[in-house]
């Protein structure tokens, strides 16, 4: 190509969260047919859709499907793959992503007779562990947003956005990436909606092209927002004027087609423009391990722990998945049903009617009940000591100190015997624990930073914690070889029945809340906090590691270029959005460590599919690093449903583990 290539990828989704099923024929007539008419007029149009949407269109308008098939064969349009449903791959097991992609490809080939070359990552939720899966499924390129990853890689030159690039996955797999771009498609939307004049749009486009573009997306987002309004937001642009929005789009495409300066093309035609000797990009970062589309308010918590009851939905999906795998089920419709249950649209602005229908159709799977173990006398090589402030457990190689004045929070969990804490730290061999007030000299960190506790921040109310004085009871369980400590901890929401088990042969403790308030809660609920002891870990080799939908864990160095990488996943984006990002923990754990030690925060997906968050801050000449699991966050999708998923599926089990270890 001698001129800059401009391409589109209109996203079709009849499962759109805020569109009722009875409105689907209207969407097809107003939004989907006009796209085909654009292709008939000679404008190359990219169309991305799920197999589910393709099937649903066929149910209502077989003629649309037939005409689209013809346009694909003529080369007037191109299909971009999505999968059978629009699911968030960094939140699901690799096997489910594989099946979702395979079923989508089967639908495309059976109904349309094509196999797409490019796959768009659903909701642009990317993790490097996904790249090998898409490559394995035969795709030649991925489509992913430029703007959000680039905002966390200020070292990237702007010209990389002006042509397709190469990305490297978790196992070294390399694939071309064809960019979508939030800034570009939002500008296109504003033009189509009449919010900006054609001259304003052309000025924007000229500015982009002036940077030396070889390939540029002009639109890579929803088709249902033109000549129709899904009704998600009060701020949606009003439909006004005598000309339809698709007619405005046609006028723009006509002008671009006549221009001598650009060339309209299909998305796959830009793949050969990839510089095979160019850089290998890593879209992820420690600050944002899972980048997604658009502004920072769109992040992984949106589909993980907000909505009407994302936590219960995801937990039940994991229970169904584990049951299918355990039974060796291969029935395709059963797996497709699971893919539909994991679809993103159930987790955002889903209507009340569709929510109730989904709840009525969903099978219920309870978590396995905990078996009460038999107690016995304590072995001679294990020592339990209770003082006014602590309950301490010592084995020949490890120790655990629990704070009785702070609801069994962890004072120190580490190696060797219990030792006197030094300057407010957990102790000389404590791996995690409490950093007491005064440990840091910076007044911004002039507080107690605990481990092994929960924090609930309800709307318009005071913070609730389990950091109250309690009276413990303990017993030795010979079967699991664990010391079990229980206590009823007072809180502003009533007593919390808390149980801590220290598995002496596994270097692991487990915390269970036998009674916690019904999920979802109105506010932010984070627990399982682990605070690293800065005197134990080597700053220069710090890392974090977690699975985000892939087979391999994704490891991020926390010390680069001679300084700590500073970020806070759980920091508020705004008054309405309570977190910056999170990690999927699809392997069931989030790990922090250095070249000698590690600590894992574990939560079984079938207990509660919470999301991992990490804070990493430079303080004085030390550092403050902490991880936690979020069970509930807040954003604009958060709704208290009249029919909660927890009441249908059974509440998540609020249980997590903390495991320490040494690298061989």
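Values quoted throughout were computed directly from the atomic coordinates according to the rules given, and no laboratory measurement underlies them. This is a predicted model, so every value here is computed, not measured. Please note: Cβ atoms are built from the backbone with ideal geometry, for glycine as well, and neighbour counts cover all protein chains shown.
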Checklist entry - Which value in Å does the Kirkwood hydrodynamic radius of the stretch 380-468 take, with 1/r averaged over all unlike C-alpha pairs and then inverted? => result 13.9 Å
Next on the checklist: Report the Cα-based extents of the stretch 171-327 along its three principal axes, largest first, to the nearest Å.
Outcome noted: 59, 47, 31
Checklist entry - Hey, of (1) 26.4, 83; (2) 26.6, 88; (3) 25.4, 99, which did the structure itself give for Rg and Dmax of the Cα atoms in Å when calculated? => result (2)
Next on the checklist: If you average the alpha carbon positions of the stretch 265-318 and of the stretch 1-40, how far apart do those two centres end up, in angstrom?
Outcome noted: 22 Å
Checklist outcome for this item: Among beta bridges assigned by DSSP with both residues in the stretch 5-284, the antiparallel ones amount in percent, to the nearest 5, to 15 percent
Item to check | Burial order of peptide ranges 436-444, 618-626 (average beta-carbon count within 10 Å, highest first) | outcome: 618-626, 436-444
Checklist entry - In what order do 339, 31 fall by count of nearby beta-carbon atoms within 10 Å, going from fewest to most? => result 31, 339
Checklist entry - If you take every DSSP beta bridge whose two residues both sit in the chain, what share of them, in percent to the nearest 5, is antiparallel? => result 80 percent
Checklist outcome for this item: Mean Cβ-within-10 Å packing, highest first, puts peptides 470-478, 501-509, 609-617, 565-573 in the order 609-617, 501-509, 565-573, 470-478
Item to check | Cα gyration tensor shape of the stretch 567-640, rounded if a/c is under 1.5, else prolate or oblate by comparing a/b with b/c | outcome: oblate
Checklist outcome for this item: Taking 380, 664, 59 and counting other beta carbon atoms within 10 angstrom, the fewest-first order is 664, 380, 59
Checklist outcome for this item: quick shape note, the stretch 328-426: Cα extents on principal axes in Å, largest first -> 58, 33, 21
Item to check | For the stretch 92-218, share of DSSP beta bridges that run antiparallel, in % to the nearest 5 | outcome: 35 percent
Checklist entry - With contacts defined as alpha carbon pairs under 8 Å and 6 or more residues apart, what's the relative contact order of the chain in percent? => result 14 percent
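Under 1.5 on a/c is rounded, so check that first for the stretch 132-180, then, if it is not, pick prolate when a/b is larger than b/c and oblate when it is not; a ≥ b ≥ c are the square roots of the alpha carbon gyration tensor eigenvalues.
Because a/c hits 1.5 or more and a/b exceeds b/c, the stretch 132-180 counts as prolate.
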Checklist outcome for this item: Taking Cα pairs closer than 8 Å and at least 6 residues apart, the relative contact order of the stretch 465-597 in percent is 16 percent
Item to check | Ordering of 213-224, 13-24 by burial proxy (mean other Cβ atoms within 10 Å per residue, highest first) | outcome: 213-224, 13-24
Item to check | Cα gyration tensor, the stretch 16-101 - rounded (a/c under 1.5), prolate or oblate | outcome: oblate
Item to check | Mean ellipticity per residue at 222 nm, deg cm²/dmol - from DSSP H runs of n ≥ 4 across the chain, formula -39500 (n - 2.57) | outcome: -6500 deg cm²/dmol
